[in-house]
Amino acid sequence: MDRIERVTLSTVRLPLPAAISDAKVLTGRQRPMTEVMMLFAEIGTADGHTGTGFGYAKRAGGPAQFAHAVEIAPDLIGEDPNDIGRLWTKLVWAGASVGRSGAATQAIAALDVALWDLKARRAGLPLAKLLGAYRDSVRCYDTSGGFLHAPVAEVIDNATRNLALGVGGIKIKVGHPDPETDLARVREVRSRLGDDVPLMVDANQQWDRPTAQRMGRALEEFGLVWIEEPLDAYDAAGHAELARSLDTAIASGEMLTSVGEHAELIRHGAVDVIQPDAPRIGGITQFLRLAALAEQHHLTLAPHFAMEIHVHLAAAYPHEPWVEHFDWLHPLFDERPAIRDGRIHLSTRPGLGVTISERARAWTVDRAEIHQR
Ligand SMILES: [Mg+2]
């Protein structure tokens, strides 16, 4: 039986090309975002197998994730890397006093993803194939070009460029203080892209219930694929009321940091489209548990961010999913996703199929090596 011999943890500060604003910035709740803090976990075994995982933090939480991972990673040393479910539980109990969600779970996620990458690489299979894939490509839509700091002309340019690249849909942000600004932007984007392009909007939790109802009704005419995070992420009852009263699908879930929180959304019938984020909910082990529950409720899966991981998980979901295209993480890896015909095509490389780039190594701000004693 193989044994985990070492774990290397590193925090990498990824700069963004522009300061990013969504509705949370316009309501004054957050500052524009200029960087993403990555947590990389690299696991090595006595037999010479390796796996790489990652998680991330936006605005705050990067140092906390790193510190927690450094504290719990010694519990993996000497363990059989194949027993991922058992190891996930062991890591949760190692840090039980800080809870089963939030930064603690996100620290576990990087380690969990590394274990799954290792298992798939050992098998010589892409992760999607190890899990059992339903398809070898997944519909994708772009988010990175549709933020609120960009004037609508720039949003349309970005959308046109992404569609030409082969992306299959476009999401734009809404949530301006004046709803008319949102409606004018959606109208212009819809008329310039045409009715055939799948289009979504994302309010990033900044509407109250009456505003969301009013905006939801006003947006029906644009034939959107979904309205994302119209309300506070934890307002399951409010989302459920919207989902019942509107024709347009309601999407949410990216801010939640545990399967239990997602289960609450599902119990309320709050969403038509569920948007889990593996690095936020504790990794692939937890994502698979949630995906099974979501499938039982006939939900569409559209994982949030981290497409390098999610393309595999979406390929293994029974119903046709969507994956969110962001170009932000490209500098971190040597490989690029193959995008054409509206879809990301899975690579045949084993595991996640990504290698940490030299550029990412140069952005390392903190590093810890945990070895067999
Ligand atoms: Mg979103």
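The values are calculated or read from the model by the stated rules, or taken from the named source; none is laboratory data. Predicted, not measured: the structure shown is a model, and the values here were computed from it. Note: ideal-geometry Cβ built from the backbone for every residue, glycine included; neighbour counts use all protein chains shown. These area figures cover heavy atoms from the full protein model, side chains too; ligands, DNA and RNA do not enter into them. Shrake-Rupley method; radii C 1.70, N 1.55, O 1.52, S 1.80 Å.
Okay, here's what the table says:
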item: Under 9 Å, Cβ to Cβ, from residue 53 - net charge with Lys/Arg +1 and Asp/Glu -1; result: -3
item: Debye, to nearest 20: dipole size of the chain, +1 on Lys, Arg Cβ, -1 on Asp, Glu Cβ; result: 480 debye
item: Amide H contacts under 5 Å for residue 355, placed H, 5+ residues apart; result: 334, 335
item: Extreme residue, positive dipole direction of the chain, given options 19, 302, 163 (C-beta unit charges); result: 19
item: Size of charge dipole - segment 74-172 - debye, nearest 20, with Cβ of Lys, Arg +1 and Asp, Glu -1, no other charges; result: 260 debye
item: log₁₀ of I(q)/I(0) at q = 0.18, 0.26 Å⁻¹ - segment 1-81, Debye sum with one point per alpha carbon; result: -0.77, -1.16
item: Neighbour cut-off at most 14 other Cβ (10 Å), DSSP loop, trypsin sites (Lys or Arg not before Pro), segment 1-88; result: 3, 29, 59
item: Environment charge at residue 103 (Cβ cut-off 13 Å; Lys +1, Arg +1, Asp -1, Glu -1); result: +3
item: Equivalent ellipsoid, the chain (semi-axes from 5 times Cα gyration tensor eigenvalues, Å); result: 34, 21, 20
item: Nearest-20 debye value, segment 128-217 charge dipole, Cβ charges on Lys, Arg, Asp, Glu; result: 300 debye
item: Positive-end residue, segment 128-345 charge dipole about Cα centroid, Cβ charges, pick of 130, 325, 233; result: 130
item: Antiparallel bridge percentage (DSSP; both residues within the chain; nearest 5); result: 65 percent
item: Nearest-10 value in Å² for the accessible area of residue 80, using the 1.4 Å probe; result: 10 Å²
item: Counted charge near residue 223, where neighbours are those whose Cβ lies closer than 13 Å (Asp, Glu -1; Lys, Arg +1); result: -3
item: Values of log10 I(q)/I(0), in the order q = 0.09 Å⁻¹, for segment 128-345 under a Debye, Cα-only, solvent-free model; result: -0.33
item: Relative contact order %, the chain, counting alpha carbon pairs below 8 Å whose residues are six or more apart; result: 22 percent
item: Label-to-label distance, nm, for residues given as residue 355 and residue 372 (7 Å Cα→Cβ offset); result: 2.7 nm
item: Lys pairs under 21 Å by Cα in the chain, provided they are eight or more residues apart or on distinct chains; result: 7
